[in-house]
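Asks: I have a structure here, written as structure tokens, and I will follow up with some questions on it.
Since every read-out is calculated from the coordinates, none of them should be taken as a lab result. Just so it is clear, the model here is predicted, and its values are computed rather than measured. Quick reminder, even Gly has a Cβ in these numbers, built from the backbone with ideal geometry, and neighbours come from all protein chains shown.
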Amino acid sequence: MPGIRPWKMAAGAAAISLLVAGCGGGDSDDASANSNTIVIGISEPEHLLPTNATDDSGSQVLSSLFYPLVEFNAQQEPVEVAAASITPDKANRVWTIKLKPGFTFHNGEPVTAQNYIDAWNYGAYGPNAQTGGYFFERIDGYADLNPLDPDKDGPQKPPAPKADTLSGLEKVNDLTFTVKLSAPFSSFKSVLGYSVFHPLPKAAFSKPGVIAEGFEDQIIGNGPFKLKGKWEHDNEVVVEKVSDFKGQVPKIDGITWKIYQDDQTQYADLVSGNVDVQMSIPIEALSKASADLGTRFQMSENSGFDFIGFPTYEKDFAKPEVRKAISMAINREEISDQIFLGSRVPAKSFVSPVVRGYRENICGEACEYNPKKAKDLYDKNGGPSEIKITYNVDGGHKAWVDATCNQIKASLGVNCTGSPEPKFSVLQQKARAHEPIGLIRLGWIMDYPLMENYLGPLYSTNGSSNHYGWSNSTFDQLIKQGSQAHTPQAAIKKWQQAEDILVQEMPVIPLRFMQNVYGYSEKVQNVQMDLFKKVDLYEIETIA
Amino acid sequence: MFRYIVRRLLQMILTFFGATFVVFALMFANQDDPIQALVGEKQASDSLRAALTERYHLDEGFLTQYWYYMKGLLTGDLGKSLTGRDISEMLADAWPVTIRLALLAVLIAAAIAVTTGVYAGIRRGGLFDNGTLLMTLLLLAMPIVVLAPLAQLVFAMELRWFPATTTKDATPYELLLPAIVLATTVIATQLRVTRTSVVENLRADYVRTARAKGLAPRRVTWVHVLRNSLIPVITLIGVDLGVLMSGAIVTEEVFNIPGVGFNLARGIRTEDGPLVVGFVSVLVIIFLVVNLAVDLLYAALDPRIRYE
């Protein structure tokens with residue numbers, strides 16, 4: 001009876017969909033509802049190998065799995081954690097790191113000096129292509145591990161590295177090793193707080209210098225939590241408390257790092273109670289976050305810094321007065337309030353408030369909104385009649401760039417347009433090639449809490465993120481002198497002098513400092529986020 | 001019949017290579033600087049750039065890169081993504097959940113579209129018919145980028161009938177809301193086609209004959225008319241599979257399903273050519289196989305159709 005089939009098919013389909021609709025729900029794990037574990041939302045980490053994990057999600061997960069050498073106190077000073085002491089020699093060149101005894105990795109191996117040396121050597125070795133490799137460049141021997149391409153991007157291949165271990169790392173005994181820097185640096189201890197400086201157990205290596213296949217998915221650390229099962233890509237990373245941890249013991253028993261593709265989706269789960277902490281609430285949800293979360297919606301400062309760079313090599317923008325006039329034409333407060341709904345605060349300095357040596361409002365008059373004065377100054381110094389601000393469209397910058405342009409238009413009476421580029425890499429290439437793209441939108445998040453980490457990369461002549469091409473030899477000199485100063489305090493003095501040059505020269509317009517904008521569920525309390533955009537895993541606790 | 005299938009399979013091989021070539025070329029053209037995409041807005045260090053360029057052959061020409069990729073593909077190696085994961089492993093992780101989602105969506109869409117379409121066709125011009133017309137117009141007017149977050153807001157966050165997000169190991173119930181959202185993208189056309197086809201067939205000679213023979217009206221409609229009316233609908237369902245897969249990019253992001261759509265979006269964002277081509281290859285294969293199956297179904301539905 002072939003004729004019956006379509007009817008049967010339709011009936012079957014209907015039956016299946018009814019069945020599907022009726023069943024389900026009951027088999028999800030409700031056990032977590034009253035246990036002492038929490039769920040924190042992240043996006044898929046790029047990597048979990050410490051030297052390769054430079055993204056926010058990766059380093060956040062690592063903060064649960066590893067115990068760092070140093071942490072930072074409220075004054076942003078480094079304090080020993082896994083290290084017993086970190087002391088420089090007189091010249092600040094050779095640093096002796098002593099480890100606290102008794103610590104073990106999650107697989108039972110004792111943590112020794114060799115574990116640090118092995119991990120750092122792996123991270124610094126050029127062909128391993130670790131994204132955090134550049135953190136080791138201050139250590140003696142880095143250049144030998146990272147030979148330069150003779151013709152830069154050209155057909156010639158870079159030569160093979162001369163060595164495969166850093167000559168500056170030396171083991172003294174099981175718990176002590178020394179780090180020799182290529183140049184004196186009195187603030188090196190602050191650098192050591194970043195996650196690339198974590199140790200790796202012997203089990204990580206299949207042979208010297210080669211990470212064992214699959215280690216990253218089952219990573220073994222020395223921290224208060226250990227991985228439960230495997231890293232389930234695009235799904236979750238579950239960690240549980242190490243039973244007899246020697247260091248500071250967290251108040252929770254475990255964390256599920258739940259992976260989200262989209263911040264708005266994560267926000268939906270935060271509101272419906274499926275995730276306990278969301279570390280960055282998307283701007284689209286900000287207007288309703290207070291109503292949805294009440295006091296569980298919080299902000300705290302972090303290291304992010306938004307600014308606009310001038311093409312100072314162009315005649316139009318060569319005069320500091322013109323640059324100052326444009327800066328004075330911008331109403332930072334209005335943009336922070338209207339566009340970012342208070343989630344970012346106006347910036348009137350060239351380094352973030354989270355570093356020691358930050359001086360509030362150092363930019364002074366040049367960063368105050370004063371349209372009348374701006375116009376006078378602009379006209380007197382013959383500023384161009386056409387201003388262009390180039391930005392990358394994939395970063396959500398259109399709204400504020402357009403708003404900034406409108407303010408400039410209104411204040412100075414010149415034409416200002418926002419000019420989109422598809423990706424940041426395109427913007428950066430064009431800027432580096434000195435193509436006429438006008439002012440460029442830039443941003444920075446620090447690697448370690450030092451003024452130098454803003455001044456060096458952003459404004460010095462060879463700074464890795466100085467895409468706008470400003471160069472001042474006195475400034476470069478002061479940065480260098482600061483790095484080689486005898487004490488961190490002396491270093492800050494020099495760096496502040498360098499910042500004073502920025503105030504006079506105004507090579508960029510400081511716009512805003514970013515903030516952690518986070519929220520949490522009714523299940524947790526004592527939720528704090530630090531300047532590295534990380535949740536404090538030692539303080540957070542569940543409400544019984 | 002057998003010869004027909006073999007011929008179709010041979011054509012598939014050509015289509016497959018053509019499609020992957022085009023996708024690979026598109027990804028190559030889209031590629032500005034995948035290394036920069038990997039490190040975000042910080043400057044990639046020179047040695048990192050050099051090492052990754054060599055590892056992924058990024059400085060080679062298009063044909064050389066394609067050759068490397070094809071060589072790997074034919075030896076069963078789909079390569080590694082730019083974050084160093086095996087693409088074959090990512091495929092194995094992502095496909096099951098997307099297939100379940102798409103099948104559920106096809107089932108929901110077909111069940112609703114065919115039953116509603118038949119009733120609308122029988123009561124042509126009536127209240128029910130005009131009602132469905134209005135509903136389908138509404139559905140057609142609503143893009144999935146609007147519909148998906150809206151459904152999540154109303155049914156998951158406000159009414160709490162469904163969970164707001166799901167995971168890789170979602171139960172059918174957890175997948176139901178995303179599947180319904182996905183089904184709405186194709187339901188309207190399927191419904192309209194069923195209705196038109198039913199209306200047309202109701203006036204056919206064989207239906208009059210069947211009625212004249214004294215068959216029960218229900219049997220006439222659900223067996224004689226429906227069977228003939230299903231041919232264009234089934235073609236449409238086959239084609240709709242492509243629509244469903246592309247609709248999955250949005251649906252999967254909104255409901256946090258780590259499936260094919262998500263991986264495609266990620267591959268495009270990070271300029272990861274091999275990743276995108278790997279997923280598209282499987283997509284192409286599924287599309288081809290489903291369309292072959294659809295063609296074979298014609299013969300089952302209409303005995304006059306014979307394949308040589």
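Asks: Set Lys and Arg Cβ to +1 and Asp and Glu Cβ to -1, take the dipole of segment B:2-74 about its Cα centre, and tell me which of B:Ala19, B:Ser47, B:Gln65 lies farthest positive.
Replies: Farthest towards the positive end: B:Ala19.
Asks: Rounded, prolate or oblate: pick one for segment A:196-265, where a ≥ b ≥ c are the square roots of the eigenvalues of its C-alpha gyration tensor, a/c under 1.5 means rounded, and failing that, prolate if a/b is larger than b/c, else oblate.
Replies: oblate
Asks: Looking at the square roots a ≥ b ≥ c of the eigenvalues of the Cα gyration tensor of segment A:471-513, which shape do they give, rounded for a/c under 1.5, prolate if a/b is larger than b/c, or oblate?
Replies: Working: a/c = 2.88, a/b = 1.63, b/c = 1.76.
Oblate, since a/c reaches 1.5 and b/c is not below a/b.
Asks: Would you work out the relative contact order for chain B, in percent, from Cα pairs under 8 angstrom that are 6 or more residues apart? Before the final figure, lay out the partial values.
Replies: Values: 333 pairs, mean separation 85.2, N = 308.
Dividing the mean separation by the residue count of chain B yields 28 percent.
Asks: Sticking with the crude label model, points 7 Å out along Cα→Cβ, report the distance from B:Val154 to B:Tyr206 in nm, one decimal please.
Replies: 4.1
Asks: Ok, one more. When you have a sec, figure out the Kirkwood radius of segment A:183-306 from all distinct Cα pair distances and drop it here in Å to one decimal?
Replies: When all Cα pairs of segment A:183-306 are included, the Kirkwood radius is 18.1 Å.
Asks: Counting only DSSP beta bridges with both residues in the protein assembly as shown, tell me the antiparallel percent, nearest 5. Could the numbers behind the result be given before it?
Replies: Numbers: 53 of 70 bridges.
The antiparallel proportion sits near 75 percent.
Asks: When the C-alpha atoms of segment B:17-124 are aligned to their principal axes, what extent does each axis show, in angstrom, from largest down?
Replies: In descending order, the Cα extents are 71, 33, 25 Å.
Asks: Can you list the lysines whose alpha carbon sits under 18 Å from that of A:Lys372, skipping same-chain ones fewer than 8 residues off?
Replies: Once the sequence-local lysines are set aside, what remains near A:Lys372 is A:Lys324, A:Lys380, A:Lys409.
Asks: Also, I was wondering about something else. What Kirkwood Rh does segment B:88-306 have if only Cα atoms enter the pairwise 1/r average? Answer in Å.
Replies: Working: mean 1/r = 0.0529 Å⁻¹.
So the Kirkwood estimate lands at 18.9 Å.
Asks: If you split all Cα-Cα distances of the protein assembly as shown into 10 Å bins from zero, what percentages do you get per bin, shortest first?
Replies: Per 10 Å bin, starting at zero, the Cα-Cα P(r) for the protein assembly as shown comes out as 2, 11, 19, 22, 20, 13, 7, 4, 2, 0, 0 percent.
Asks: Round to a whole angstrom and tell me the spacing of the C-alpha centers of segment B:245-306 and segment A:51-104.
Replies: Here the two parts' Cα centres lie 48 Å apart.
Asks: Still on this structure: For segment A:374-449, report the translational diffusion coefficient in µm²/s to the nearest whole number, using Stokes-Einstein at 25 °C, 0.890 mPa s, and a Kirkwood Rh over Cα pairs.
Replies: On the way: Rh = 13.6 Å.
This corresponds to a translational diffusion coefficient of 180 µm²/s.
Asks: Given a cut-off of 21 Å, name the pairs among A:Lys98/A:Lys246; A:Lys207/A:Lys228; A:Lys98/A:Lys202; A:Lys241/A:Lys523 whose C-alpha atoms lie farther apart than that in the structure shown.
Replies: A:Lys207/A:Lys228
Asks: Can you figure out the FRET efficiency of B:Ala29 with A:Lys315, using R₀ = 51 Å and their beta-carbon distance, to the nearest 0.05? Kindly include the intermediate steps, with their values, before the conclusion.
Replies: On the way: r = 36 Å, r/R0 = 0.71.
It comes to 0.90.
Asks: Now for a separate question. Can you compute the charge dipole magnitude of segment A:479-524 about its Cα centre, using +1 on each Lys and Arg Cβ and -1 on each Asp and Glu Cβ, nothing else charged? Give it in debye, rounded to the nearest 20. Before the final figure, lay out each step's value.
Replies: Working: 5 positive and 4 negative charges, 31 e Å.
Result for segment A:479-524 is approximately 140 debye, rounded to the nearest 20.
Asks: Given segment B:235-308, report the % of alpha carbon pairs whose separation exceeds 15 Å. Walk me through the numbers before you get to the answer.
Replies: Details: 1680 of 2701 pairs.
Of all Cα-Cα pairs in segment B:235-308, 62 percent lie more than 15 Å apart.
Asks: Turning to a different aspect of this structure: If you wrap segment B:2-74's Cα atoms in a convex hull and average its projection over all directions, what's the area in nm²? Could you put the intermediate results ahead of the total?
Replies: Numbers: hull surface 24.4 nm².
With the hull built on Cα positions only, its mean projection is 6.1 nm².
Asks: Hey, which lysines would be in cross-link range of A:Lys533, C-alpha to C-alpha under 19 Å, not counting anything within fewer than 8 residues on its own chain?
Replies: A:Lys258, B:Lys42
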